[in-house]
Each structure stands twice: as structure tokens, then as C-alpha cells.
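First up is the structure itself, then whatever we jot down about it.
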Amino acid sequence: MPIHTTPNGWVLETRLTAYAFGLNAAGMLVHRYWGPRLPRLEDYSPAMDSIGWASFNGPGEIVPEEYPAYAGSKYIDPCLKVTFADGVRDAVLEFESSQITGSELQVHLRDAHYPLRVTLHYCVHDAYDLIERFVTVHNHGDTPVTLERAFSAQWHLPLHDQYRLTHLAGAWFKETQIHREALRSGSKVLESRRLTTSHQHNPWFAVDRLEHRATEDTGEVWFGALAWSGNWKLTAEVTVFGSTRVNIGLNDWDFALRLEPGTGYTTPTCVAGFSGQGFGGASRRLHDFVRETIVPHGNAPHKVLYNSWEATTFNVNQASQTELAQIAADMGAELFVLDDGWFHGRRSDDAGLGDWWPDEKKFPNGLSPLIEQVNGLGMDFGLWIEPEMVNPDSDLYRAHPDWVIHFPTRTRTTMRDQLILNLARTDVQEYLIASIDGLLTKNNISFIKWDMNRNVSEPGWLEDSEPKSIWVRYVEGLYRVWGTLHQRHPSVTWQGCSGGGGRADLGILRFADQIWTSDMTEPTMRLQIQEGFSQLFPASTMEAWVTDMGPKHLPLEFRFHVSMTGVLGVGANLLHWSESERLEAKRLITLYKSIRPVVQEGDQYRLRSAFESAFSGLMYVSKDQSEGVVFAFRTHIPDPELLPPLKLRGLEPEWLYEIDGVSGARSGAAWMHVGLGVALSDFGSAVLRIRRVDGSG
Ligand code: DGJ
């Protein structure tokens, strides 16, 4: 039983960790503990009592309230902000009751005066050492209540310590760069105001102690991620009394939700955990959780795909695609994806979006003849769509100019010549469901790449009684469209894309089994992007193509090895590849298929960071620890240079293992403590399989 009710409050226990909170003498719901699991329930100290010792020091700055609403003298960053119909903007939440159902604890709070109920939900994922939190707010009154902020959770770090925040920042072409910085007095805000998760920041955090820095393998790390694909906000606040908290949820910027009488709202979830095994331990917990509980097709292996975008861009037709498909099939690709350019009127990026039927000139007999040829070559067929968008030059826009997000009195700013359909509207949702359902019903399509190629502008939705709800209702509409298509076509695999990794989050992974990591496919840059991505996402969700991008001196093998650390794909112009390059690709694709189960289902260990060194490495180990695969990369290091041994991880110390090309078996302990010497010249790379040799495993 992972949830305990004790005289001091509640203790949520996972395999290795615990999280405790309870009521203090003043009736405040207060955080008590988050860290390694302790032997006895009495070990978790009682809730701190309210302290307020001067007229300028309210209790909120030191007492770690579990879910603070803006009220009274709370100057800290609150989780909830409401306005009642009479204009009162102060929510006084009092404990009402609690309820345990299986592995979920619900704590019901109620406003002291108004019939507003707030329920805190805690789902304990004990096998993963994770706790998932979300909140429901319900208006039981007969007048509306306006929500101006409704965060998913506030996470408190142990009091009186100083911390360091690790987060992911970047841009289009340079997503998920790892940043680490000290948290000092005040607030550090990370957010998206772009309608999507954004290339710029990701709603994930990891916090460790400033003085006892965690490493990949050691030290204490508190971490979490928000499952939401729209505007979000994270505030890491250090109060003047040394209380550090991370507040996370929907962005409250330009935000309002109107709760009509008798209605409620449920926030996105935030999953978080504590790792005593450094950043690597934190990532592996999330990887397992994502693979086993979030993505639609679980651990099913992902196919090696070929995507024709970089080869043919918008100039697609049956002949050009068949030619590429034949070469891809010979190389061992299992899935052929026709990217942008195939639909009605799509001559370039300035036309066609919205008209989701095959272009009559490019595909006079529809897509079926091409799909049959692709299937005949032994490959599945996949298709690119960008449902949320419309070009002004399209039949859809000419018929429904009012369907886009806009302000009537403002110019509609186009980006990449496109506008955004307002997915908050049910008529737009129905149009998209019908169009894509039609495509999937008429054609044998196994895979869809769902793209989204711009950020928002003029975020108007004036028809609605609360136009500022568009940020939430849009994402809910997106989830409804995608979820409905999922139900109707459960065998289709979806890839989430937003100009690369502009919408990579745990929310989209409920629909998309994989994410197109970045449009940047130059492999040395990819090493860093992929390392950042791996902080929270498993390799099985990381689509990685080999393309022609980057300097010619980068060997094809290096390009492949980088992509083989995730879900291997090829996106190059195969017509330009020589026969020997195609044969080399075939060899590497065969190698990938042999290591795929370990890469996609195993535990990942980052051995050397590509952010810190031009010699980097990582490895994957099967869950039973009987086999693994080691990847090593050297970019440019001036010679002479002796590369240090790679200290392997995740092996069983007592077992004997052999490694490809290295003579003699050694114990797991030896590979982990003495290490593996890898000789690489500039832009050299290695993929080495490791196998247990002293037993059945
Ligand atoms: C952006 C994606 O990231 C690319 O892979 C490609 O699909 C283009 N869009 C097509 O327009």
C-alpha cells in the first residue's frame, strides 16, 4: 500500500522514495518531506507550524504550503488565483476531507466562504519512484468563478539548502540544450507563450544541491515534467527565508477560464520524483514511465523509416517516390514516409494547407497506387500532415476565413505563409477529424507524421464568452481530434513534430509514440540535442534521421551511429548516394536492427557528455543486464590525445561480459571501474555490443 494516513498527515511511498505532507496546527496543508524512503512512518517530521513574526513576514515565505492559493498575506508565487462573481479575489482554502482509491490520494479543500472546491490528486507510481499530481477545481455555486491561475503542483525542496536548476533551453534547429544555474533569492521563470510547448524551453526540471552537486550517477536530484502541449510556466522561487519551491502548470499569462455554475476544470498532470542516483537515475525513471504508461503502443519496436522530405521537398509524385522507395527498401528500411507536398494545391509552402486530399496533378489516381508499390516492396507506408494549419491560398480558407485564430480588426500575421486554425472550435475539430479519418479509412496508412510549423499571433477568439481561455481550449481541441483518430485507427503509429522538437512533452506522447527531435540533423550538433532530449524522453521516442546535412568529412558511419542511439531513420537524398554508400547503409541498418531491442527498451546510461567534451559516449543495457551496447563519438580533438577509458554502467558486477572486438571477458565490475579503452580518430565513432558470457542471463 503506497499511501499511508498517519496522525501527522499522509505519506506517499514508492520503491525507494517518500513524499509527505499534512495539516499544521493552523489547519494549513503543509509539505513535510520529499526524498529517500525512511524506515518508519514516524520518521517523517510533522507539518511545520505557521510562522509570522513581523507585520512584513507572512507565513507563506517559509512554511511550505502544499498548494497555496492567493489569499491573505501570501506574497509568494501561488498555485491558484481566482475571482469570484462579486469581485472578491482571495481564495481561502480549508481542508475538508481525503480519500484513497487504490494508488490515488485525493485531498478535498473548500473555500471558507464560497462554494468552490479544490481537489488535489496524487497518483503514486511506486514502481517508477514517481508521483503524479493534478488538481480539479469545481464551482458548486450559482454564479461564475474566473480562474486566473491554476497550476498543477508546487514542489518543495528541503528547507535551508541552496540549489541548482537544470533545464532545457534552445531554439528551432538547436532544441534541448542543457543549462544549469544556481537558484538564488527571487524567482527564475521558464515558460512558453507560443501556444505550443516551444523550441525555447521545455516543461521539465531537475534540481540538485548547489554544494553537493549531483553527477550522472551519484547525488540527490529532484525532477519533474508537465504533461501539457500548450502555454506553460515554471517558477523556481527562493524566498528570503531560504525556502525553495518549483511551481509548474498552465501559463497564467493572458489566461482566464470561466467556471460556470456547476462546472469544473482539471489541470494537466505533473509527474515528479526524487533520484538518489544522480541525473541518470532521474532520466531512467522517466524513460520507463513514458514507455510503459504514456505512449500508445508501449514498448512495441519502432521501424526504420525512410522519409523523402530532404530528397524531393514539395516536388513529389508517384515516380519520384517509387524510385526512392526502391532504394530505401533495398537498404532495409521498413517504413516509407511521404512528407509534405502531396495534397491538393501544394506547389510550395504558400498554398494547400487545409485541403487534405491528394493533389490531382501529382497523384491523379490518389495515393493507393503508390501505397501498393511501397507495400509491395515490403515496407509500411506513412504520410505527413499538418492539420492545425491553413494557407490563405486554399479551398478551406476561402470557405472558412473565420476558422483561424485572429482578431477581426488586426492584420493576420502569417508565418511560413500560414495561419492557425482555431482548434478550440468544435466545427474545426469536426472538419479535421472527418478529413484525416477519411484519409486513414481510404488508404493503407500505418504511420502519420503530425507537424505544426509556426507559433501563434493575434490570439483572438472573440466569439467565446472567455476569449482568454483559447490557450487551454485549443490544446484540449487538439487532444480531442488526435484522441478520436486514435480510437478509430488504433494500429496507426503517430509521430509528433513541430518544426522539429517544438512540441515535445509528456502530453503529446499520449498520442504520438515518437517525436521528430529536431530539423537539425547535422550529427555533431545532434549529439547535444539528443543528450538534452534524453533527460526526460526515452530513446524509443527519439526519431533520428541520417541526412546529408553537415560537412562532407563526417563519415557515413558516424552519421548512422549518432542516429542509432534513438529510432533510426534515413532522410537523405538516396539518389545522390553511391552504390558503396548504399551498401554501407544496408550494413548499418542491419546492425541497428540487431541492437534495436536494447536501445529502444533498455536502460540508458550517459557515460560522457557531448556538452562537456568532444569525446562522448552512452550505453544501453537490457533490463535483465545480460547484454548492452556502447556508443562512443569523437568530434574534433587536436592530436596527440589519449582518450580516457569509458567507464561502463548498469552491468551486474559479478557477471562476466565480452565486448565486440575486445579480447577476453571481464567482470561487470571491471568494465565499470577499469573501463573500456576506445581508440577513435577525429570524427570516429564506435558501436560495441556487450554480452554476458558466464550464464544464461
Ligand atoms: C518541418 C519538419 O520538421 C520537417 O521534417 C518537414 O516535415 C517539413 N516541416 C515539411 O514542411
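The values are calculated or read from the model by the stated rules, or taken from the named source; none is laboratory data. In this text, all values refer to a predicted model and were calculated from it rather than measured experimentally. Positions of Cβ are backbone-derived with ideal geometry, glycine not excepted, and every protein chain shown enters the neighbour counts. Side chains are part of the model used for accessible areas, which takes the heavy atoms of the whole protein and leaves out ligands, DNA and RNA. Shrake-Rupley method; radii C 1.70, N 1.55, O 1.52, S 1.80 Å.
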Identify all residues within region 647-678 that are of a type in the set (A, V, I, L, M) and in a loop (DSSP other than H, G, I, E, B); write none if there are none. 648, 651, 662, 665, 674, 678
Do we have any residue at all in region 238-245 that's touching a helix residue (DSSP H, G or I) at 6+ places or on another chain (Cβ under 8 Å), of a type in the set (A, V, I, L, M) and more than 25 Å from residue 600 (Cα to Cα)? yes
Under 7 Å between Cβ atoms, which residue pairs at least 6 apart in sequence (or on different chains) link something in region 351-362 that is within 16 Å of residue 403 (Cα to Cα) with a partner that is of a type in the set (D, E, K, R) and open to solvent by 20 Å² or more (accessible area, probe 1.4 Å)? 355/395
What do you reckon, is residue 350 open to solvent by 10 Å² or more (accessible area, probe 1.4 Å) and within 14 Å of the ligand (Cβ to nearest atom)? yes
When you scan region 597-611, do you find a residue that is over 14 Å from residue 687 (Cβ atoms) and within 16 Å of the ligand (Cβ to nearest atom), even just one? no
If you scan region 510-544, which residues turn out to be within 18 Å of residue 607 (Cα to Cα), aromatic (Phe, Trp, Tyr) and away from the ligand (no atom under 16 Å from the Cβ)? 537
Contacts under 6 angstrom Cβ, first residue in region 86-98 being farther than 10 Å from residue 118 by Cβ, partner among the β-branched types (Val, Ile, Thr), 6 or more apart: 89/83; 98/107
Tell me which residues, restricted to region 57-105, are open to solvent by 30 Å² or more (accessible area, probe 1.4 Å) and aliphatic (A, V, I, L, M). 85, 88, 92, 93, 100
Of the candidates 596, 587, the one satisfying the condition of being in a helix (DSSP H, G or I) and more than 30 Å from the chain's Cα centre (by Cα) is 587
Quick test for you: out of 507, 483, 496, 477, pick the one residue that is in contact (Cβ under 8 Å) with a residue 60 or more places away in the chain and either under 23 Å from the mean Cα position of the chain (by Cα) or within 16 Å of the ligand (Cβ to nearest atom) (or both). 507
The lone exception for residue 458 - which of (1) on the phi < 0 side of the Ramachandran plot; (2) open to solvent by 10 Å² or more (accessible area, probe 1.4 Å) it fails: (1)
Does any residue of region 365-375 turn out to be crowded, with 22+ Cβ neighbours inside 10 Å, over 19 Å from residue 498 (Cα atoms) and within 13 Å of the ligand (Cβ to nearest atom)? no
Please verify whether residue 142 is on the phi < 0 side of the Ramachandran plot, surrounded by fewer than 16 Cβ atoms within 10 Å (Cβ to Cβ) and modelled with pLDDT of 95 or more, treating the condition exactly as stated. yes
So which residues in region 10-23 are assigned to a strand (DSSP E or B) and either open to solvent by less than 10 Å² (accessible area, probe 1.4 Å) or hydrophobic (A, V, I, L, M, F, W, C) (or both)? 10, 11, 12, 17, 18, 19, 20, 21, 22, 23
